[in-house]
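For reference, the structure is listed below as structure tokens.
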2 protein chains.
Amino acid sequence: MSDTHNRLQKLKQFYTTNRRLPTYTEMLDLFDFASRNAVFKLIHKWIEEGILEKMGNRLAPTEQFFALPVLGFIQAGTPTIHGDYYSEESISLDQYLVPNPGFTFLLRVSGDSMINAGIHEGDLVILDNKRTAKPGDIVAALVDNEWTLKYFNRANGKTYLTAANPAYAPIHPKENLAIGGVVVKVIKEYY
Amino acid sequence: MSDTHNRLQKLKQFYTTNRRLPTYTEMLDLFDFASRNAVFKLIHKWIEEGILEKMGNRLAPTEQFFALPVLGFIQAGTPTIHGDYYSEESISLDQYLVPNPGFTFLLRVSGDSMINAGIHEGDLVILDNKRTAKPGDIVAALVDNEWTLKYFNRANGKTYLTAANPAYAPIHPKENLAIGGVVVKVIKEYY
DNA sequence: TATACTGGTAAACAGTTGTTCACCACGGTA
DNA sequence: TACCGTGGTGAACAACTGTTTACCAGTATA
């Protein structure tokens, strides 16, 4: 494990506990340096690598900074994860899950009307109410004064809702159909 | 919509585009203030509300800053979301999903062996390799030189794996059973 | 009417910041 | 041997930071 990698690990650790990047002076202790210039040069290297970026002289992490390794596919028959854990792709979860902050909210699911779409009781649904619903989307809709999670459909200029469970009949709203948000992602908790 | 709320919105927007909090001077423009003291007082208020925090004189967002509103349950028969969108609970997604940064990685699922556990092809699995597997956990395991996603079980001191799909037989490893990580969350993408 | 609070301006302050410059020890390479 | 790149020290600098203090207009309250 190289020194630089080790220090980046420490920087990330600092960030996740403090939700901010440390000052150069704070990095002195963090990296065991005696001169702030040593920090300056290290930071410069990380900026060139695209891990950090600077606006004026204010330091900020880049998307790459938060990226989690996507190790590959699993259970495909042939093993795709190797012992040395190389990553082909990487994803920054926060930005990936919440593309429109301020217009995103969560709902916890109860009921089984969307079970065939993989949405079960207790799941956490991420909704975006900036997006306009398109046919095929799963939406949180207010039908006849009741909120439900259903597929959004359109036929003959009229919109209607269907469940992903044969036990539930399609809903053709009599009056208004208010869309609370479009389902963007669903989080299932196993721990 | 109050002024303060509006400004917090702008602050959050700045954060998500720049991945850092703005300087007081930058907030002058952001909030349309003429005096940095106006900023100072506003920040002070937010600190008291627990939205921001200060270490020394370095500003940082708190967990509350990132919190997304959990509006309630949906599809429970009775409507629980109101027109004024009040939130009972709120969750900070990043910290919620990645409790052990540096020990967390992602896998994209292929195959249908865990379909009854709600894990489908194409889903993104969040794994934690710091956690030790307990019976009942879903794990990424290396069995006989092949990686699979299965339930972790134990009987008579021996560990074995089972699928969440009756089409697959339980796996009793002959030699070693290496656990790559425990499934913490699963993300399903609908958009 | 007088009072107090809220939300803002304006100017001045000390401390710290990120940066720069000069210098050095070490290791590899020609 | 001489040379150069790397990775670090140490000191000095200007700029900017967050903070403080004093002041003010408008609004609500007693």
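The values are calculated or read from the model by the stated rules, or taken from the named source; none is laboratory data. This is a predicted model, so every value here is computed, not measured. No Cβ is skipped: glycine too gets one built from the backbone with ideal geometry, and neighbour counts run over all protein chains shown.
At a glance:
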{"read-out": "Qualifying strands (runs of 3 or more DSSP E) (wholly inside segment B:96-191; at least 1 residues being of a type in the set (D, E, K, R))", "value": "B:104-109, B:124-128, B:146-155, B:158-162, B:177-189"}
{"read-out": "When residues of segment A:28-44 are limited to those that are more than 8 Å from DNA strand C (Cβ to nearest atom) and in contact (Cβ under 8 Å) with a residue 12 or more places away in the chain, the one nearest to B:GLY56 (Cα to Cα)", "value": "A:LEU30"}
{"read-out": "Members of segment A:119-155 that are at the interface with another protein chain (Cβ under 7 Å from one of its Cβ atoms) and buried (at least 19 other Cβ atoms within 10 Å of the Cβ)", "value": "A:ILE138, A:ALA140, A:TRP147, A:THR148, A:LEU149"}
{"read-out": "Index of the failed condition, A:ARG154 passing every other in (1) over 26 Å from the mean Cα position of the chain (by Cα); (2) closer than 27 Å to B:ILE91 by Cβ; (3) among the charged types (D, E, K, R)", "value": "(2)"}
{"read-out": "Tally of residues being out of contact with any Asp or Glu (no Cβ under 9 Å at 6 or more places or on another chain) and β-branched (Val, Ile, Thr) across segment B:43-64", "value": "2"}
{"read-out": "Residue count, segment A:7-49 (criterion: within 13 Å of chain B (Cβ to nearest Cβ) and at positive phi)", "value": "1"}
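Residues are listed down the side, and each one gets a yes or a no for (1) modelled with pLDDT under 75; (2) touching a Ser or Thr at 6+ places or on another chain (Cβ under 8 Å); (3) closer than 20 Å to A:TYR15 by Cα:
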| site | (1), (2), (3) |
| --- | --- |
| B:LYS41 | no, no, no |
| B:GLU49 | no, no, no |
| B:GLU53 | no, yes, yes |
| B:THR62 | no, no, yes |
| B:PHE73 | yes, yes, no |
| B:GLY77 | yes, no, no |
| B:ILE81 | yes, no, no |
| B:TYR86 | yes, no, no |
| B:GLU89 | yes, no, no |
